[in-house]
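These notes concern the structure reproduced below.
The values are calculated or read from the model by the stated rules, or taken from the named source; none is laboratory data. All values derive from a computational prediction rather than experimental measurement. In this analysis, Cβ positions are derived from the backbone assuming ideal geometry, glycine residues included, and neighbour counts consider all displayed protein chains.
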Amino acid sequence: YALQGSRWRVKELTYRITKYPKGLHKNDVDREIEAAFKVWADVTDLSFSTVNSGKVHIEIRFEKGEHGDGDPFDGPGGTLAHAYFPIYGGDAHFDDTEAWTINNIRGTNLFQVAAHEFGHSLGLSHSDVQSALMAPFYRGYEPNFIIDNDDIQGIQALYGQKPARPTPATQRPETGGGPRGGGASGGSLCRDASIDAIVTMSDKETYVFKGTEYWKLTDDGVAQGYPKSISADWQGLPSNLDAAFTWTNGKTYFFKGGEYWRYTDLVRDTGYPKSIEKGFAGIPNNIDAAFVWSGNGKIYFFKGTHYWRFDPTQRPPVKESYPKDISNWEGLPNNLDDALQYSNGYTYFFKDGEYWRFNDRAFRTDTASPEFPRPAGYWWFGC
Amino acid sequence: SGVPVKYQISGTTSALVYLTKFGYMDPAVTNPQSGALISGDNVRKSIMEFQAFAGLNQTGDLDKLTLEMMNMPRCGVKDKVGFGADARKKR
């Protein structure tokens with residue numbers, strides 16, 4: 001790490017976002033900025049609070065091009081943001097022409113960049129430790145962000161250690177898909193975290209199906225009041241499902257044996273179930289898993305050691321080159337339980353109570369700490 | 001992730017601008033109005049400093065990996081403050 005040479009004399013710092021970005025909701029930006037400050041508050045005695053009027057220590061602005069400080073932004077890519085060391089005022093400016101995103105593999109992650117910039121606002125220069133938050137280059141979205149020891153040493157050299165009992169929040173929950181905070185318990189899902197099917201509906205709610213029951217997931221685990229009975233709430237839907245996905249038309253498809261059911265929200269569409277042979281020609285019965293890859297709108301089916309790619313716009317919808325081996329998906333196991341492309345852009349594969357995260361840009365199972373596969377009970381069901 | 005939207009830096013001239021902007025070269029030397037002749041050794045030394053900071057092999061050459069790293073999206077704050085005081089001013 002490297003210290004610039006100035007630091008704040010006070011421990012209670014204030015901030016205000018005086019200009020919000022075009023492409024994000026104000027509340028979402030507020031939450032991400034707060035989380036970014038918390039990265040530093042968790043490992044020091046510093047505290048950060050937002051105030052709506054008067055002078056603040058750190059002013060935050062999303063700006064384009066020249067914005068009054070003689071250091072113009074350069075459009076998408078290149079420079080993403082800059083911030084001023086304490087002696088120069090501590091302000092942080094973000095290039096509003098970047099595609100700022102939250103919990104998504106696409107675009108530029110606001111939380112990570114903000115946490116980096118606030119490191120400058122607190123007195124840290126760039127680190128030559130490549131894994132450090134204060135390294136100058138944007139590494140892409142890290143759903144399971146963990147502050148590096150180099151960053152902790154740097155900030156504690158300026159402001160000391162956190163004197164009271166430390167809070168375990170140096171690891172940011174992978175909200176919106178993956179590691180979760182551990183809220184409501186998954187009940188029987190915690191005894192055996194293997195699942196039948198998992199699907200995100202068109203309303204962005206994610207449901208897990210297992211045996212005769214289903215659960216709605218939240219960012220903290222499972223929603224209160226679950227599990228509920230599949231037969232009671234999903235008219236005509238059988239137990240012990242094979243797989244499910246929601247297509248780009250907003251309809252959710254459930255598969256079991258040789259049949260499939262189509263639902264609009266929680267209501268079964270008329271005429272269902274239908275045979276897989278009829279609706280998904282080229283796809284076998286008794287599939288293990290299915291998901292829609294948003295990158296191309298194609299549906300991927302998995303069974304045993306093979307997978308099929310189904311393109312509803314083509315005739316035939318499954319090319320002759322399929323099935324192919326699942327081993328083409330580096331790091332993925334055979335005989336999956338189900339798969340899901342989550343709202344953060346990552347694809348998650350579930351099997352025997354564990355899950356793998358697939359990075360479709362690198363086209364391999366993600367490497368991260370802790371390593372994949374991870375226990376689905378802990379990271380997804382709040383166990 | 002990390003793939004640049006645009007490939008701004010493609011040769012020595014744009015690399016010099018980059019190295020100057022982020023603190024690896026003296027702005028007084030690279031200022032086109034100064035008329036200073038920049039020595040090859042100076043350029044190589046600056047490139048090597050950048051390569052060391054970016055975790056690359058220190059070849060001193062503007063090779064493919066070095067250009068790729070220079071085109072990565074990044075923070076606009078200088079990596080090194082080696083040429084006089086950092087003249088940034090708030091507002």
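If the condition is being within 26 Å of residue A:131 (Cβ to Cβ), buried (at least 16 other Cβ atoms within 10 Å of the Cβ) and away from chain A (no Cβ under 14 Å), then region B:16-66 contributes B:46, B:47, B:60, B:62. Residues that are under 16 Å from residue A:207 (Cα atoms) and either acidic (Asp, Glu) or in contact with an Asp or Glu (Cβ under 8 Å, 6 or more places away or on another chain) (or both) within region A:360-383 comprise A:376, A:379, A:382, listed in sequence order.
Over 14 Å from the mean Cα position of the chain (by Cα), more than 8 Å from chain B (Cβ to nearest Cβ) and modelled with pLDDT of 95 or more, is that true of residue A:92? Spelling it out, residue A:92 is indeed over 14 Å from the mean Cα position of the chain (by Cα), more than 8 Å from chain B (Cβ to nearest Cβ) and modelled with pLDDT of 95 or more.
Yes/no matrix, rows are residues, columns are (1) touching a helix residue (DSSP H, G or I) at 6+ places or on another chain (Cβ under 6 Å); (2) of a type in the set (S, T, N, Q):
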| site | (1), (2) |
| --- | --- |
| A:29 | no, no |
| A:33 | yes, no |
| A:36 | yes, no |
| A:41 | no, no |
| A:44 | yes, yes |
| A:56 | no, no |
| A:60 | no, no |
| A:63 | no, no |
| A:68 | no, no |
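Scanning region A:25-39 for residues that are in contact with a Phe, Trp or Tyr (Cβ under 6 Å, 6 or more places away or on another chain) and surrounded by 16 or more Cβ atoms within 10 Å (Cβ to Cβ) returns A:29, A:32, A:35, A:36, A:37. Of the residues making up region B:19-62, those that are acidic (Asp, Glu) and over 17 Å from residue A:137 (Cβ atoms) are B:26, B:41, B:61.
The residue list A:43, A:39, A:10, A:29 contains one member that is more than 11 Å from every other protein chain (Cβ to nearest Cβ) and touching a strand residue (DSSP E or B) at 6+ places or on another chain (Cβ under 7 Å), which is A:29. Restricting region B:70-82 to residues that are more than 7 Å from chain A (Cβ to nearest Cβ) and surrounded by 16 or more Cβ atoms within 10 Å (Cβ to Cβ), the residue that is modelled with the lowest pLDDT is B:81. State all residues of region A:47-94 that are surrounded by 21 or more Cβ atoms within 10 Å (Cβ to Cβ) and in a loop (DSSP other than H, G, I, E, B); if no residue qualifies, say none. The answer is A:73, A:77, A:78, A:84, A:85, A:90, A:91. All conditions in (1) within 21 Å of residue A:191 (Cβ to Cβ); (2) more than 16 Å from the chain's Cα centre (by Cα) hold for residue A:364, with the sole exception of (1). Once region A:309-367 is narrowed to residues that are of a type in the set (Gly, Ala, Ser) and out of contact with any helix residue (DSSP H, G or I) (no Cβ under 7 Å at 6 or more places or on another chain), the residue that is farthest from the other protein chains (Cβ to nearest Cβ) is A:321. Within region A:237-264, the residues that satisfy the criterion of being under 17 Å from residue A:208 (Cα atoms) and among the small types (Gly, Ala, Ser) are A:239, A:243, A:244. In the set (1) over 26 Å from residue A:205 (Cβ atoms); (2) basic (Lys, Arg); (3) in contact (Cβ under 8 Å) with a residue 12 or more places away in the chain, the condition left unmet by residue A:357 is number (1).
The condition of being at pLDDT 95 or above, assigned to a loop (DSSP other than H, G, I, E, B) and within 29 Å of the chain's Cα centre (by Cα) does not hold for residue A:283. Identify all residues within region A:77-89 that are within 7 Å of chain B (Cβ to nearest Cβ) and either more than 11 Å from residue B:8 (Cβ to Cβ) or of a type in the set (Ser, Thr, Tyr) (or both); write none if there are none. Answer for region A:77-89, where residues must be within 7 Å of chain B (Cβ to nearest Cβ) and either more than 11 Å from residue B:8 (Cβ to Cβ) or of a type in the set (Ser, Thr, Tyr) (or both): A:79, A:80, A:81, A:82, A:83, A:84, A:88, A:89. Pick out the one residue from A:119, A:123 that is at pLDDT 95 or above, touching a Lys or Arg at 6+ places or on another chain (Cβ under 7 Å) and closer than 15 Å to residue A:135 by Cα. A:123 is the lone residue from the list that is at pLDDT 95 or above, touching a Lys or Arg at 6+ places or on another chain (Cβ under 7 Å) and closer than 15 Å to residue A:135 by Cα.
Across region A:330-346, the number of residues qualifying as among the hydrophobic types (A, V, I, L, M, F, W, C) and in a loop (DSSP other than H, G, I, E, B) comes to 2.
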